[in-house]
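J.: Pasting in a structure now, in structure tokens, and then I'll have a few things to ask.
The values are calculated or read from the model by the stated rules, or taken from the named source; none is laboratory data. What you see is a predicted model; the values in this text were computed from it and never measured. Here the Cβ positions follow ideal geometry from the backbone for every residue, glycine too, while neighbour counts run over all protein chains shown. The accessibility values were calculated without ligands, DNA or RNA, using every heavy atom of the protein model including side chains. Shrake-Rupley method; radii C 1.70, N 1.55, O 1.52, S 1.80 Å.
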Amino acid sequence: MTLVTEIDYGTPASKSEKTVTLTIDGVEVTVPEGTSIMRAAMEVGTKIPKLCATDSVEAFGSCRLCLVEIEGRAGTPASCTTPAMNGLVVHTQNSRLKQLRRGVMELYISDHPLDCLTCAANGDCELQDMAGAVGLRDVRYGYDGANHVFAKSKDGAANDAWMPKDETNPYFTYDPSKCIVCNRCVRACEEVQGTFALTIAGRGFESRVSPGMSEDFLDSECVSCGACVQACPTATLSEKSLIDIGQPEHSVVTTCAYCGVGCAFKAEMRGEEVVRMVPYKDGKANRGHSCVKGRFAWGYATHKERILKPMVRDKITDPWRETTWEEAIGRVVSEFKRIQYQFGREAVGGITSSRCTNEETFLVQKLIRAGFGVNNVDTCARVCHSPTGYGLRTAFGTSAGTQDFDSVEDSDVMLVIGANPTDAHPVFASRMKKRLRAGAKLIVVDPRRIDLVRSAHIEASHHLPLLPGTNVAVLTAMAHVIVTEGLVNEKFVRERCELDDFQEWAAFVSEERNSPEAVAKFTGVDPAELRAAARLYATGGNAAIYYGLGVTEHSQGSTTVMAIANLAMVTGNLGRRGVGVNPLRGQNNVQGACDMGSFPHELSGYRHISDDTTRTMFEEFWGAKLNPEPGLRIPNMLDAAVEGTFKGIYIQGEDILQSDPDTRHVSAGLAAMECVVVQDLFLNETANYAHVFLPGSTFLEKDGTFTNAERRIQLVRKVMTPLNGYADWEITQLLAHGFGLDWKYAHPSEIMDEIAALTPTFKNVSFKKIEEMGSVQWPCNDANPEGSPIMHATTFARGKGKFMLTEYVPTDERTGPRFPLLLTTGRILSQYNVGAQTRRTDNVMWHEEDRLEIHPHDAEQRGIKEGDWVRIQSRAGETALRALITDRVAPGVVYTTFHHPMTQANVITTDFSDWATNCPEYKVTAVQVGLSNGPTQYQEDYEAFAQASRRIAAVEAAE
Amino acid sequence: MQQHDKLVMMANQIAKFFEAQGEVRAVPQIAKHIQDFWDPRMRRGILEHVASGGAGLDPLALAAIRKLHPAPQVSAHQA
């Protein structure tokens, strides 16, 4: 195995369709207009020496190493900033250029340490490479003059130009003594990440890279995305893991297991040890960028708390007992069979994991349907994007986002609703910000002033800070403006949509009660701003809607998704680049988990279980009779457990006790079950109620595929042996054998072949195909052999688009004298979901606890000061957190994240849910907030219970 | 029974969405939604509730539930 290396063309690709032809070193080359000479040379394999250029950022022209001669032109222009033109004759090497370059390098090296042998970049240093490339043999200036290299001069005097290493960031170091001030890090922070945390302080010889106002990296605005580290040509910015381990010897391209963006990474390895994760330039979701989670927060994979042996116990009050796989699997099988005999077949079920691969998810639902003989299978999408599935299927005929991420490059207007991409989907947010800086307009609909509303070089044209729970009213009012002001795209509606439905809908939205003025009294949104936003969306050019859980996690989540689809259809913003309806999916494979038939009512490819043709096909393929009735969804399973008709559950990679609403109800449901089986990396919160624990494997330890938010199926590749002994799909297969199923999968690719055979939208998908194409977006079948970057191009999946009436129904969760504030919840950049992974990394340095954001007015009324412990009470329960006083939230609204189990945020969320899918209403809870002395009794009791529950009995010594 | 309260609330929520389309179109769609997404024991539960008077149910929800196919009975010892 070798290192996967990508070609650095020096400058970004030109998108021009016009080409030019020139001659470089006697070789004719044709390139798109606007291509630099440096890039044109690299196209034919000629590496012009360079330091300040790299193709992730625009040309800068500062290092003067890439000089060339052009016949008929004076001087020696920099090839990175000089565009290729028809007929140019370029020479990249002659005695004059050699001498110039050697002079440049001599100056660089005269102010650079010569500790190459002990340097972390040894073997991967562009400065070293260039010294070699230009034939540098001597530095005539010596090292005694002014320099940034030595802390003290030879006579012992302090060197004021020298700066110590900054090691404050947990993942990388900044060593100013090795910096050549090429600006690549500064430009990567601006152009790639869009945070503008870095700058160059000082001028001339005093020029230094400076995080913020000459702060430490950790104290600056830096979001630790790693773009600067990746851009650095020297060891100035180096991963600490690289410094610790040394240069990798091979690398494997794989897919990140954090959010739904699905970044491609190179796992750079030494044997089975990960040296670093480096974003892969050819990854079509991330285009070479990364965030702090995927790039750095993978240490959980080898964390000491990871459970590596199966464990069982009779009662949840007993300590765990480590055991063999045989005993653990045998226990599950005998218990589930007993429960089914005693309480009926329907008394068991399971939950598939949105963090596991498509293949693993498919097997879990197959085991439940064909092995247990029930359809009681669900997945975490229940609590996030199930309304997306229902809403988009109703409107368009299929349950997925319409675009690829590249599409954003052609957007003129972005409407972001109930999503906070810079925290939850950071790598895609960087791509959005890049487009916004280039002139696209932005509308944000969110109760909270998220970072996108106003941050470095980005400002939303309109921010509609609505009251939580009023999405439908605001979106219907936008439709009111579009219809009543004559902004309908009539051609699109006439050709592409059901006309009767449209006319009924247009009459409905035009009613005065749906006008911005009429809804303002309960949405809190300024009607003039709403009208302006609607006009901009309808008339601003290519308009794309991006939305998140702030849309779906409401009583009217599915209605809001339909309202979004209505807006896109009425303005014709579907079926081409730059437009569309784009759900930003939460977990790495939540799209895939839905596609794979994880919902209780449908088989893979979103086909209802009652459909005889589909079911029969599965029955024949699997050799098992399937139940034609829909099964229980997660909240229904818990209800049934409390009621006494549901007794056994197999949960793969999901922590419902922490992530699902109304914790007391979840724990009551789990406690009422007789066999709870948890398969995970760690003893998560749900495992407190488990009887069997099956240790799971990480994404580094298995082969398979993940499907991201743009329907892109990408390979996950095994880079190390599972520490627990088995990949998760192998564990499910062992269970299946226990239930009498004759599975013989030797590799996940065989499972994908089965999925393709059974699922029309996956017909042409195979590991081989994905390997060849790098990734593929479903539908991938005979009609779309290369996959489908953009859906509904000429017709909708259901034929004609369907407008649905979206009557606003206020949630029953209302404020009143007892609970006067509305709590809404969200995420933060450095942590992921329930935090099981990220809390076990140094990411806790950015977010060691969840805080309650509260507006200064509300805080003052209650005598709350920054950092005070406050109690939050709802009708479901109460918890305590420390306050963070900020005007990012409007008066009347409070906000928290839920990454830490001690927070118990879900003790206060209620059991209200979306009308169509039972997706919980996390985003609206009426609460009261008041000062408190510290954690509540419940939090303290829970902590004690959790600790007791995690006890593992010491193994008796052999005699 | 508390369990029935929850089913009633869910049925009413579904009815509220389809209500805008008028009774004639709404009722079959409400019935289909419940048929498609509720497992048999939930459907049995709401049918039991209707049989015992159907308290608290929205009229459209009630009309829809009366149209539900009887849910298959599943008993123990069928595993």
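J.: Filter the range A:489-520 for residues that are within 14 Å of chain B (Cβ to nearest Cβ) and outside any helix (DSSP H, G or I); which is surrounded by the most Cβ atoms within 10 Å (Cβ to Cβ)?
T.: Across the range A:489-520, the extreme among qualifying residues is A:498.
J.: Scan (1) touching a helix residue (DSSP H, G or I) at 6+ places or on another chain (Cβ under 8 Å); (2) within 14 Å of chain B (Cβ to nearest Cβ) for the single condition residue A:393 breaks and write down its number.
T.: It fails just one condition, (1).
J.: So, in the range A:80-95, how many residues would count as being assigned to a loop (DSSP other than H, G, I, E, B), touching a residue at least 60 places away in the same chain (Cβ under 8 Å) and crowded, with 17+ Cβ neighbours inside 10 Å?
T.: Pass one, the range A:80-95, residues assigned to a loop (DSSP other than H, G, I, E, B): A:80-82, A:84-88, A:92-94.
With touching a residue at least 60 places away in the same chain (Cβ under 8 Å) added as a condition, the list becomes A:80, A:84-88, A:92-93.
Keeping just the survivors that are crowded, with 17+ Cβ neighbours inside 10 Å gives A:80, A:84, A:88, A:92.
Qualifying residue count for the region: 4.
J.: Please work out if residue A:187 is open to solvent by 30 Å² or more (accessible area, probe 1.4 Å) and of a type in the set (Lys, Arg).
T.: It is false that residue A:187 is open to solvent by 30 Å² or more (accessible area, probe 1.4 Å) and of a type in the set (Lys, Arg).
J.: Filtering the range A:627-637 down to residues that are facing chain B (nearest Cβ under 7 Å) and open to solvent by less than 10 Å² (accessible area, probe 1.4 Å), which residue is nearest to residue A:912 (Cα to Cα)?
T.: Per the stated criteria, the residue is A:636.
J.: Starting from the range B:37-49, keep only residues that are at the interface with chain A (Cβ under 7 Å from one of its Cβ atoms), then list their pairs with residues that are at pLDDT below 90 whose Cβ atoms are within a distance under 6 Å, requiring at least 6 positions of separation or different chains.
T.: B:40/B:71; B:40/B:72
J.: Which residues, counting only those in the range A:587-623, are more than 14 Å from chain B (Cβ to nearest Cβ), open to solvent by 10 Å² or more (accessible area, probe 1.4 Å) and in a loop (DSSP other than H, G, I, E, B)?
T.: Within the range A:587-623, A:605, A:623 meet the criteria.
J.: For the range A:524-550, which positions are modelled with pLDDT under 95 and either open to solvent by less than 10 Å² (accessible area, probe 1.4 Å) or in contact with a Ser or Thr (Cβ under 7 Å, 6 or more places away or on another chain) (or both)?
T.: Within the range A:524-550, A:548 is the sole residue that qualifies.
J.: While we're looking at this one, here's another question. For the range A:860-937, list the strands (runs of 3 or more DSSP E) that sit wholly inside it and hold at least 1 residues that are among the acidic types (Asp, Glu); which are they?
T.: It comes to A:878-885.
J.: Hey, could you check the range A:671-695 for residues that are without any contact (Cβ under 8 Å) to a residue 60 or more places away in the chain and in a loop (DSSP other than H, G, I, E, B) and say which is nearest to residue A:262 (Cα to Cα)?
T.: It comes out as A:673.
J.: Hey, another quick one. Scan the helices (runs of 4 or more DSSP H) fully inside the range A:209-328 and keep the ones with 2 or more residues being without any contact (Cβ under 8 Å) to a residue 40 or more places away in the chain and open to solvent by 20 Å² or more (accessible area, probe 1.4 Å).
T.: By residue number, A:240-245.
J.: Against the condition more than 14 Å from chain B (Cβ to nearest Cβ), more than 20 Å from the chain's Cα centre (by Cα), crowded, with 21+ Cβ neighbours inside 10 Å and not in a helix (DSSP H, G or I), how does residue A:724 come out, does it pass?
T.: yes
J.: I'm trying to understand the selection: among the residues of the range A:444-490, which are of a type in the set (D, E, K, R), at pLDDT 95 or above and touching a Lys or Arg at 6+ places or on another chain (Cβ under 9 Å)?
T.: Once the filter is applied, which keeps residues that are of a type in the set (D, E, K, R), at pLDDT 95 or above and touching a Lys or Arg at 6+ places or on another chain (Cβ under 9 Å), the range A:444-490 yields only A:485.
J.: Hey, another quick one. If you go through the range A:765-788, how many residues are among the hydrophobic types (A, V, I, L, M, F, W, C), over 15 Å from residue A:403 (Cα atoms) and either under 25 Å from the mean Cα position of the chain (by Cα) or open to solvent by less than 30 Å² (accessible area, probe 1.4 Å) (or both)?
T.: Final tally of qualifying residues: 4.
J.: If you don't mind, another one. Looking at residue A:426, is it within 21 Å of residue A:197 (Cβ to Cβ), buried (at least 24 other Cβ atoms within 10 Å of the Cβ) and not hydrophobic (A, V, I, L, M, F, W, C)? Steps first, answer last, please.
T.: Values: within 21 Å of residue A:197 (Cβ to Cβ): yes; buried (at least 24 other Cβ atoms within 10 Å of the Cβ): yes; not hydrophobic (A, V, I, L, M, F, W, C): yes.
Answer is yes for this residue.
J.: Being open to solvent by 10 Å² or more (accessible area, probe 1.4 Å) and within 29 Å of residue A:740 (Cα to Cα) is the filter; apply it to the range A:367-390 and report the residue that is farthest from the other protein chains (Cβ to nearest Cβ).
T.: A:370
J.: Follow-up question, since we're still on this one. Anything in the range A:902-936 that is within 28 Å of residue A:388 (Cα to Cα) and of a type in the set (A, V, I, L, M, F, W, C)? List them, or say none.
T.: A:905, A:907, A:908, A:912, A:915, A:916, A:919, A:924, A:926, A:927, listed by residue number.
J.: Here's another thing I want to ask about it. Take residue A:482 and tell me if it is away from chain B (no Cβ under 14 Å), within 31 Å of the chain's Cα centre (by Cα), hydrophobic (A, V, I, L, M, F, W, C) and buried (at least 19 other Cβ atoms within 10 Å of the Cβ).
T.: No: the conditions fail for residue A:482.
J.: Moving on. Hey, can you tell me all the residues within the range A:937-952 that are open to solvent by less than 10 Å² (accessible area, probe 1.4 Å) and among the hydrophobic types (A, V, I, L, M, F, W, C)?
T.: A:946
J.: Suppose we filter A:709, A:640 for residues that are assigned to a loop (DSSP other than H, G, I, E, B), of a type in the set (A, V, I, L, M) and open to solvent by less than 10 Å² (accessible area, probe 1.4 Å); which single one remains?
T.: None of the others qualify; the one that does is A:709.
J.: Still on this structure, I have one more. Taking the stated definitions as given, is residue A:354 crowded, with 24+ Cβ neighbours inside 10 Å and either polar (S, T, N, Q) or in a loop (DSSP other than H, G, I, E, B) (or both)?
T.: Details: crowded, with 24+ Cβ neighbours inside 10 Å: yes; either polar (S, T, N, Q) or in a loop (DSSP other than H, G, I, E, B) (or both): yes.
Yes; evaluated as a whole, the condition is true for this residue.
Residue by residue, here is whether (1) under 23 Å from residue A:826 (Cα atoms); (2) hydrophobic (A, V, I, L, M, F, W, C); (3) open to solvent by 40 Å² or more (accessible area, probe 1.4 Å); (4) within 14 Å of chain B (Cβ to nearest Cβ) holds:
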position: A:858; (1), (2), (3), (4): yes, no, no, no
position: A:878; (1), (2), (3), (4): yes, no, yes, no
position: A:881; (1), (2), (3), (4): yes, yes, no, no
position: A:902; (1), (2), (3), (4): yes, yes, yes, no
position: A:935; (1), (2), (3), (4): yes, no, yes, no
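J.: I've got another one for you. Considering only residues that are assigned to a helix (DSSP H, G or I), facing chain A (nearest Cβ under 7 Å) and of a type outside the set (D, E, K, R), which ones fall in the range B:1-30?
T.: Across the range B:1-30, the qualifying residues are B:3, B:13, B:14, B:17.
J.: Can I ask one more? I'd like to know if the range A:574-584 contains one or more residues that are at pLDDT 95 or above, closer than 18 Å to residue A:368 by Cβ and open to solvent by 10 Å² or more (accessible area, probe 1.4 Å).
T.: No, the range A:574-584 has no match at all.
J.: For the range A:908-933, enumerate the residues that are closer than 13 Å to residue A:825 by Cα and out of contact with any His (no Cβ under 7 Å at 6 or more places or on another chain).
T.: A:908, A:909, A:910, A:920, A:922, A:925, A:926, A:927
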